[in-house]
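Trainee: Quick one: the structure is below, questions incoming.
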Amino acid sequence: MRRSSQPWRLRVLAAVLVALLTPASGRAKVARIESVGITVSDLDRAVAFYTEVLPFEKLSDTELEGSELEALEGLSGAHVRVARLRLGRETLELTEYLAPRGRPVPPDSRSNDLWFQHIALIVSDMGRAYALLRAHHVEYASSAPQRLPDWNPAAGGIRAFYFKDPDGHPLEILEFPPGKGEPRWQAKGSLFLGIDHTAIVVSDTDASLHFWRDILGLAVAGESENWGTEQEQLNNVFGAHLRVTTLRPPEGLGVELLEYLSPRDGRPRPAGTHPNDLIAWQTSVAVREAPRLLGALRAAQVRSGSSNLVKLSTSGLRFTSGLLVADPDGHSVRLVDVENKEAK
């Protein structure tokens, strides 16, 4: 049975009214997605995987602790080590909590559980990329690479494969056929080209759109329904039938909403999940005038991990103020004040 989103809709209506009553020149808008963050159990092992099995470039390795970090993450005693990696134009952030340690990814996690999140790495040659992953004995999440059928005009011809990193985080390699995806994904000079999007499983696309589109301001860039044998094999979920909605900011990688129309037995995020738990990804979104956006978030009663907009005196996180919130299904979103960052 579909979960009711009516209370959420009423809260979002209030948030939209706040935005409409705000002068257009001062409205908070998403500028870009700064990075996608993954909590890992062993940073050295994770960095080795992403830079040696996958061709990410390591940009920085920073250790952080103190009251500002605790306030941002909503986690007492937080002490972290953070590595920033780059693939193409996009950035991945790996965080190991030295204290307090969090819980591992549930070993029985499935692709339709509501804590599911992955990043889609674009490759120029699926056969070569798959052979590389096999040579490194990665853990499979799909049975094998799948070519989505041509009867689906939005997804037909796309080749995709799910696998896992050493902590069990799902990842995807994806090859676009001619005419699909951004033009830069047709380049043939490198095998791995960049990150196209991060995908999250949601319980109700409409409720998620209220958060990602109506409050944060991302634009819908594409929609499709995907089902059939290929989708089942890709997601490793029998009977998989998905509503897929792609949203994008003005620049950079996008966010893909995956709602399982069937089966609808995906589990909600475990109670008491914190940023140090390994299922706790963080999508870092750069916004203009974060304090103004805070008013719309409060009007919609959006869940917040931070008590308020947190100003940081350290440059270790590459921004000077931020706020941690959650979407309707608990996926963590870190809002970064882009003016503060760019003025630095």
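The values are calculated or read from the model by the stated rules, or taken from the named source; none is laboratory data. Please read all numbers here as calculations on a predicted model, not as lab measurements. Backbone-built Cβ (ideal geometry, glycine too); neighbour counts: all protein chains shown.
Trainee: What number goes with the only condition from (1) part of a helix (DSSP H, G or I); (2) modelled with pLDDT under 95 that GLY181 does not pass?
Mentor: Going through (1) part of a helix (DSSP H, G or I); (2) modelled with pLDDT under 95 one by one, GLY181 breaks only (1).
Trainee: Only residues that are among the aliphatic types (A, V, I, L, M), in contact with a Pro (Cβ under 7 Å, 6 or more places away or on another chain) and under 22 Å from ALA240 (Cα atoms): list them for the range 109-127, please.
Mentor: Scanning the range 109-127 gives a single hit, LEU114.
Yes/no per residue for (1) at pLDDT below 95; (2) closer than 19 Å to ASP165 by Cα; (3) outside the structural domain of GLY194 (by TED's automatic domain parsing):
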| site | (1), (2), (3) |
| --- | --- |
| ASP44 | no, yes, yes |
| ALA48 | no, yes, yes |
| VAL53 | no, yes, yes |
| GLU65 | yes, no, yes |
| LEU72 | yes, no, yes |
| LEU75 | yes, no, yes |
| HIS79 | no, no, yes |
| ALA83 | no, yes, yes |
| LEU87 | no, yes, yes |
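Trainee: Please tell me if SER284 is assigned to a helix (DSSP H, G or I) and either of a type in the set (Ser, Thr, Tyr) or closer than 21 Å to ILE38 by Cβ (or both). Steps first, please.
Mentor: On the way: assigned to a helix (DSSP H, G or I): no; either of a type in the set (Ser, Thr, Tyr) or closer than 21 Å to ILE38 by Cβ (or both): yes.
Here the answer is no, as SER284 does not meet what is asked.
Trainee: Restrict the check to the range 146-160 and report whether at least one residue is closer than 21 Å to ALA48 by Cα and either in contact (Cβ under 8 Å) with a residue 24 or more places away in the chain or in contact with a strand residue (DSSP E or B) (Cβ under 8 Å, 6 or more places away or on another chain) (or both).
Mentor: no
Trainee: Restricting attention to the range 56-71, report how many residues are surrounded by fewer than 15 Cβ atoms within 10 Å (Cβ to Cβ) and under 30 Å from ALA131 (Cβ atoms).
Mentor: Within the range 56-71, residues that are surrounded by fewer than 15 Cβ atoms within 10 Å (Cβ to Cβ) and under 30 Å from ALA131 (Cβ atoms) number 3.
Trainee: If you scan the range 148-200, which residues turn out to be under 19 Å from VAL255 (Cβ atoms), among the charged types (D, E, K, R) and over 17 Å from the mean Cα position of the chain (by Cα)?
Mentor: Passing the criteria: LYS180, GLU182, ARG184.
Trainee: Also, I was wondering about something else. Please state which of the following conditions ARG110 fails to meet, knowing it meets all the rest: (1) touching a strand residue (DSSP E or B) at 6+ places or on another chain (Cβ under 9 Å); (2) basic (Lys, Arg); (3) outside the structural domain of LYS188 (by TED's automatic domain parsing).
Mentor: With (1) touching a strand residue (DSSP E or B) at 6+ places or on another chain (Cβ under 9 Å); (2) basic (Lys, Arg); (3) outside the structural domain of LYS188 (by TED's automatic domain parsing) applied to ARG110, the lone miss is (1).
Trainee: Further question: Quickly run through the range 231-282 and pick out the residues that are surrounded by fewer than 20 Cβ atoms within 10 Å (Cβ to Cβ), polar (S, T, N, Q) and at pLDDT 95 or above.
Mentor: GLN233, ASN236, THR246, SER262
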